[in-house]
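The values are calculated or read from the model by the stated rules, or taken from the named source; none is laboratory data. As the structure is a prediction and not an experimental result, all values here were calculated from the model. Cβ placement follows ideal geometry from the backbone for every residue including glycine, while neighbour counts extend to all protein chains displayed. Side chains included, ligands, DNA and RNA excluded: accessible areas come from the protein's heavy atoms. Shrake-Rupley method; radii C 1.70, N 1.55, O 1.52, S 1.80 Å.
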Amino acid sequence: MVTLQQLQYFHELAANGHLTRTAEKLYISQTTLSNTIINLEKQLGIKLFNRVGRTLQLSEAGTKYLEYVSQALGALENGRAYIEDYREKGERRISLTTGNALVWAGLVRGFQDRFRDYSIRQLNSTPDQFRRMLLDMEVDFAITGTDDLSLSGLEYQVIREEPLFLCVSKDHPLSARDSITLNEIRDENFINLPPSLPFRKYCDDLFRTAGIQYHAALECDYMLRGQLIEAGFGVALTTQSGHIAGLLGNNNHFIPLSDCPPRPIAIIWNPKRYMGRAALDFREYVLTLDYMPYSGL
């Protein structure tokens, strides 16, 4: 008989794709993990993984089997959460994933001020992780752009429409402009975020959709970009939230992009995941705010 432990190990290995790292995460030996998967494959009579180089990839059967395993583990987690609520303890922790914690610090702080009995586990994620974490019920919510992931099978509500800005130094030739277009800045030296981050992907798609090839001069994290812009090394795109949160510093100039629609930001959840009292209160808090608080950094 297939055991729950076998399913949990299979599920984790499928998400990780690497035997050693998965074993370390599960706090077991690589031999134990390998033998567990081998025994599971023997019981099922089919190969679940194919080795490709130093990684493991799901076979066609393994990919389909993972769907059922995820549903089963999700149902068990929902049952646990329901029992907690039924026993009047309730789930007092909310799990949230975003692309940038700094932008959402004000939102989290505002919720914690109102609901001091709850705690929030906040994770930074990349676009290719958002959907998997929601479907695997690893988190209650994702807050990110609606185009950062496929929304099929998920539910969401837009909470903010983000205007876009070009950030330049105060002595940059464009700093006197009241607005600007993408085509006008195609030859500027752009200081980009790493490709794994949601806003970098959004910016690349923005230029690609417009048929514009821009010049990517540098690549660094959020905080360093503002300093490099101020020193005259280049320019960068940002959102209103990033501007107000001070992610690109307070000594630079921000020019609205006139030919770009606002970026829709949504709170997204898996309707199959059981929501305890804390998660319901968090969603209601986010959706009923008259304004979205910024980090104030």
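Rounded to two decimal places and with Rh computed the Kirkwood way over Cα pairs, what is Rg over Rh for the stretch 158-205?
In the stretch 158-205, Rg relative to Rh is 0.99.
With a cut-off of 17 Å, note down the residues of the stretch 113-140 whose backbone N falls inside the zone around a label point 7 Å from the Cα of LEU44 toward its beta carbon.
Answer for the stretch 113-140: 136.
With everything on Cα atoms, drop me the angle between helix 4-16 and the longest principal axis of the chain, reported from 0 to 90° to the nearest 10.
For 4-16 against the chain, the angle is about 30 degrees.
Among the listed pairs LYS47/LYS201; LYS25/LYS47; LYS47/LYS272, which have their C-alpha atoms separated by more than 26 angstrom in this model?
LYS47/LYS201; LYS47/LYS272, as the Cα separations exceed 26 Å there.
Share of the stretch 1-51's accessible area from carbon and sulfur, percent, 1.4 Å?
Roughly 51 percent of what the probe reaches on the stretch 1-51 is carbon or sulfur.
In terms of modelled amide H atoms, which long-range or inter-chain residues lie less than 5 Å from the amide H of HIS253?
VAL168, SER169, LYS170
What residues qualify as long-range amide H neighbours of GLU162, i.e. H under 5 Å apart, gap of 5 or more or another chain, H built at 1.01 Å from N?
Here the answer is ARG263, ILE265, since their amide H atoms fall under 5 Å of that of GLU162.
Residue-wise, which Karplus ³J(HN,Hα) couplings in Hz belong to the stretch 213-222, taking 6.51 cos²θ - 1.76 cosθ + 1.60, θ = phi - 60°, and x for glycine or proline?
Using θ = phi - 60°, the values come out as 9, 9, 9, 8, 8, 9, 9, 7, 7, 4 Hz.
Cα gyration tensor of the stretch 19-80, axes a ≥ b ≥ c as square roots of the eigenvalues: rounded (a/c below 1.5), prolate (a/b > b/c) or oblate?
Oblate is the answer for the stretch 19-80, as a/c is 1.5 or above yet b/c matches or exceeds a/b.
In deg cm²/dmol, rounded to 500, what helix-only [θ] at 222 nm does the chain give when every DSSP H run of at least 4 residues adds -39500 (n - 2.57) and the total is split over its residues?
Estimated from H runs of four or more residues: -12500 deg cm²/dmol.
Considering the Cα trace of the stretch 147-257, what is its radius of gyration and what is Dmax, both in angstroms?
Radius of gyration, then largest Cα-Cα span, for the stretch 147-257: 14.2, 48 Å.
Going by amide H atoms built from the backbone, whose H comes under 5 Å of the H on ASP136, apart from near neighbours?
HN-HN under 5 Å from ASP136: empty list.
With a 1.4 Å probe and all protein chains left in place, how much accessible area per residue does the chain have, in Å²?
In whole numbers, the chain has 52 Å² accessible per residue.
Straight-line reach from LYS42: which aspartates and glutamates have a Cα under 17 Å away, not including same-chain ones fewer than 8 places off?
Cross-link targets: GLU60.
For q = 0.17, 0.18 Å⁻¹, what log10 I(q)/I(0) does the stretch 21-144 give under the Debye formula with an equal point scatterer on each alpha carbon and no solvent?
Ignoring solvent entirely, the Cα scatterers give -1.09, -1.15.
Using Cα springs under 10 Å in a Gaussian network model of the chain, which residue among PHE254, PHE282, PHE49 shows the largest mean-square fluctuation?
PHE49
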